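The structure appears right after this line, and notes come after that.
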């Protein structure tokens with residue numbers, strides 16, 4: 001007379017998921033390839049800008065449940081506002097001077 005559970009009872013599946021066998025696809029190793037070529041850039045930001053990015057990321061998380069990293073947020077902001085910095089546009093000089101007040105002093 002056997003006492004206790006048998007190994008097959010202990011390791012029996014508890015859900016209706018199929019038992020994983022040798023035909024499981026190989027795991028993807030590393031980070032998935034980006035949709036376009038990228039270059040790594042390291043920047044330093046003032047604490048107030050980091051706090052702003054964190055607040056925006058938190059608001060996105062609260063409203064959508066999705067996590068957005070600082071780098072994703074910075075890329076999205078750049079893509080969104082890139083149209084306002086048309087280097088061939090008539091207002092480019094004014095836009096640059098508005099962005100960088102130090103340039104106004106050097107006129």
**Asked** How many of the residues in the stretch 69-88 are farther than 19 Å from residue 99 by Cα and in contact (Cβ under 8 Å) with a residue 12 or more places away in the chain?
**Response** 3
**Request:** Go through the stretch 59-73 residue by residue and tally those that are out of contact with any helix residue (DSSP H, G or I) (no Cβ under 6 Å at 6 or more places or on another chain), under 28 Å from residue 36 (Cβ atoms) and part of a helix (DSSP H, G or I).
**Result:** 7
**Message:** I'd like to check something: does the stretch 74-89 contain any residue that is in a loop (DSSP other than H, G, I, E, B) and surrounded by fewer than 10 Cβ atoms within 10 Å (Cβ to Cβ)?
**Reply:** yes
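Yes or no: residue 45 surrounded by 12 or more Cβ atoms within 10 Å (Cβ to Cβ) and in a loop (DSSP other than H, G, I, E, B)? First the steps, then the outcome.
Numbers: surrounded by 12 or more Cβ atoms within 10 Å (Cβ to Cβ): yes; in a loop (DSSP other than H, G, I, E, B): yes.
For residue 45, the condition - surrounded by 12 or more Cβ atoms within 10 Å (Cβ to Cβ) and in a loop (DSSP other than H, G, I, E, B) - is met.
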**Prompt:** Given the residues 50, 96, which is the only one that is at pLDDT below 90, surrounded by 12 or more Cβ atoms within 10 Å (Cβ to Cβ) and in a helix (DSSP H, G or I)?
**Reply:** 96
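The values are calculated or read from the model by the stated rules, or taken from the named source; none is laboratory data. The structure presented is a predicted model; accordingly, all values stated were derived computationally and were not measured. No Cβ is skipped: glycine too gets one built from the backbone with ideal geometry, and neighbour counts run over all protein chains shown.
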